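Okay, so here's the structure we're looking at.
The values are calculated or read from the model by the stated rules, or taken from the named source; none is laboratory data. Keep in mind the model is a prediction, meaning the values are calculated, not measured. Positions of Cβ are backbone-derived with ideal geometry, glycine not excepted, and every protein chain shown enters the neighbour counts.
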Amino acid sequence: MMNKFLSLIKNLHVDIPLLIGIVALMCTSIVVLYSATNENIDMTIAQIVRTFIAIFAMLFMASISPKFYARWAYVGYAICTVLLILVLIMGHVGKGAERWLDLGIVRFQPAEFLKLIMPMTIAAFFAKRVLPARFLPCLVAFIMIMFPVALIVLQPDLGTAVLIAVSGCFIIYLAGLNWYLIISGAVIVALYAPIHWFFFMYDYQKQRIFTFLNPESDPLHSGYNIIQSKIAIGSGGMVGKGWLHGTQSHLQFLPESHTDFIFAVYCEEFGFAGFLFLLTLYAAVIARCAYISIHAQNTFERLLSGALTLTFFFYIFVNVGMVSGLLPVVGVPLPMISYGGTSMITLSAAFGIIMAISTHRKKQQY
């Protein structure tokens with residue numbers, strides 16, 4: 001019986017240690033969400049359904065050979081770019097932004113696909129070039145990244161644009177970008193920042209920066225969320241107030257408690273000990289992904305797996321820093337924990353790609 005089970009797992013191309021860590025995070029999400037939604041059973045069931053969809057997406061992506069991803073990455077990049085242009089021409093407006101394409105039957109955000117397609121495309125680009133990467137290939141890759149990112153900024157969706165840009169830039173870094181180019185890029189960004197501030201940033205985006213620097217300057221409006229979040233985190237103490245006993249979320253003091261600020265709910269109810277447990281789960285998943293990246297068979301697989309791993313870490317870092325008041329609020333959910341299907345399914349698909357790299361061990365040429 002055990003041999004049949006292991007054979008089935010092998011045929012599904014599942015990396016068992018990684019799967020255990022991901023499922024543990026998903027189970028933690030359901031437990032925390034039940035409390036964060038004030039014991040709303042409908043929302044909890046909806047999240048459970050999304051969890052199964054995410055697992056299916058992960059298994060589906062894991063079943064596909066990495067050779068397929070390398071071969072069709074450019075096609076996916078081209079399709080996503082065209083869709084982003086269509087969003088600006090005929091996109092559906094929601095919450096003041098034009099981010100969706102409405103095809104009648106389905107409405108979706110093309111930018112979400114780029115979270116996977118972008119690192120895949122840049123990895124395929126560098127896979128056929130000499131590494132460490134030289135200046136010209138790095139410049140071409142940077143232009144490939146920034147063109148669709150600029151289209152996303154125009155929607156406007158600065159948070160998603162940053163996440164996609166980071167996922168692509170991680171590939172450039174892993175391809176062997178030298179420190180001279182890194183420092184030069186940092187200088188260019190610093191010089192461009194004032195131009196972007198005065199001519200391209202919206203007022204609400206500027207307000208996020210002001211709130212980050214001094215949330216107490218407007219405690220009842222723009223600074224309210226982060227102030228309440230820090231109160232929730234601090235009040236958890238060492239072991240927390242207990243599951244379903246978080247006052248900040250249950251008494252409606254903490255806005256967006258089930259999405260962007262769910263980390264504050266978790267810390268209030270489970271305390272520092274719970275934070276260490278969650279950190280351990282994240283560290284185990286990242287460590288396993290890093291192991292797979294190191295032992296990948298070729299350049300494309302190493303770059304893609306490494307970039308997806310770093311991107312997952314970046315999501316964690318940004319959300320925890322945002323909720324703790326260490327970074328500006330940019331609307332990045334806590335990966336695999338926050339309520340919602342899009343982020344979880346996208347990340348699960350990314351883990352499926354990493355599993356594909358781990359389990360497809362035949363020699364392949366790209």
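Based on what the data block shows, is PRO137 under 30 Å from ALA296 (Cα atoms), of a type outside the set (A, V, I, L, M, F, W, C) and at pLDDT 85 or above?
On the way: under 30 Å from ALA296 (Cα atoms): yes; of a type outside the set (A, V, I, L, M, F, W, C): yes; at pLDDT 85 or above: yes.
So PRO137 fits the description; yes.
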- Message: Give all pairs with beta carbons closer than 7 Å in which a residue from the range 170-194 that is touching a residue at least 24 places away in the same chain (Cβ under 8 Å) meets a residue that is among the small types (Gly, Ala, Ser) and assigned to a helix (DSSP H, G or I); count only pairs at least 6 apart in sequence or on separate chains.
- Response: PHE170/ALA307; ILE171/ALA123; ILE171/ALA307; ILE172/ALA141; LEU174/GLY306; LEU174/ALA307
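Just checking, which of LYS241, LYS230 is in contact with an Asp or Glu (Cβ under 8 Å, 6 or more places away or on another chain) and among the charged types (D, E, K, R)? Before the answer, list the steps.
Working: LYS230 fails: in contact with an Asp or Glu (Cβ under 8 Å, 6 or more places away or on another chain).
Exactly one of LYS241, LYS230 is in contact with an Asp or Glu (Cβ under 8 Å, 6 or more places away or on another chain) and among the charged types (D, E, K, R), namely LYS241.
Quick one: in the range 156-178, which of the residues that are among the polar types (S, T, N, Q) and modelled with pLDDT under 90 is nearest to the chain's Cα centre (by Cα)? Write out each step before concluding.
Start the filter on the range 156-178 by keeping residues that are among the polar types (S, T, N, Q), which leaves 160, 167, 178.
From what's left, modelled with pLDDT under 90: 160, 178.
On the way: THR160: 9, ASN178: 26 Å.
So, considering only residues that are among the polar types (S, T, N, Q) and modelled with pLDDT under 90, the one nearest to the chain's Cα centre (by Cα) is THR160.
Please state which one of VAL323, VAL332, VAL285 is buried (at least 23 other Cβ atoms within 10 Å of the Cβ), at pLDDT below 95 and either more than 21 Å from SER257 (Cα to Cα) or in contact with a Gly (Cβ under 9 Å, 6 or more places away or on another chain) (or both). Break it down stepwise before answering.
Details: VAL323 fails: either more than 21 Å from SER257 (Cα to Cα) or in contact with a Gly (Cβ under 9 Å, 6 or more places away or on another chain) (or both); VAL285 fails: at pLDDT below 95.
Unique residue meeting the criteria: VAL332.
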- Message: Just to be sure before I move on: is PHE317 buried (at least 18 other Cβ atoms within 10 Å of the Cβ), of a type outside the set (Ser, Thr, Tyr) and modelled with pLDDT of 90 or more in the structure I sent?
- Response: no
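Which of the following residues is within 18 Å of LEU18 (Cα to Cα) and surrounded by fewer than 19 Cβ atoms within 10 Å (Cβ to Cβ): HIS245, HIS295?
Values: HIS245 fails: within 18 Å of LEU18 (Cα to Cα).
Exactly one of HIS245, HIS295 is within 18 Å of LEU18 (Cα to Cα) and surrounded by fewer than 19 Cβ atoms within 10 Å (Cβ to Cβ), namely HIS295.
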- Message: Quick test for you: out of LEU181, LEU131, pick the one residue that is aliphatic (A, V, I, L, M), outside any loop (DSSP other than H, G, I, E, B), modelled with pLDDT under 85 and touching a helix residue (DSSP H, G or I) at 6+ places or on another chain (Cβ under 8 Å).
- Response: LEU181
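Could you list, in sequence order, all residues of the range 141-157 that are touching a Lys or Arg at 6+ places or on another chain (Cβ under 9 Å) and assigned to a helix (DSSP H, G or I)? Walk me through how you get there before you give the answer.
Kept after step one, since they are touching a Lys or Arg at 6+ places or on another chain (Cβ under 9 Å), are these residues of the range 141-157: 152, 155-157.
Residue satisfying the conditions is ILE152 alone.
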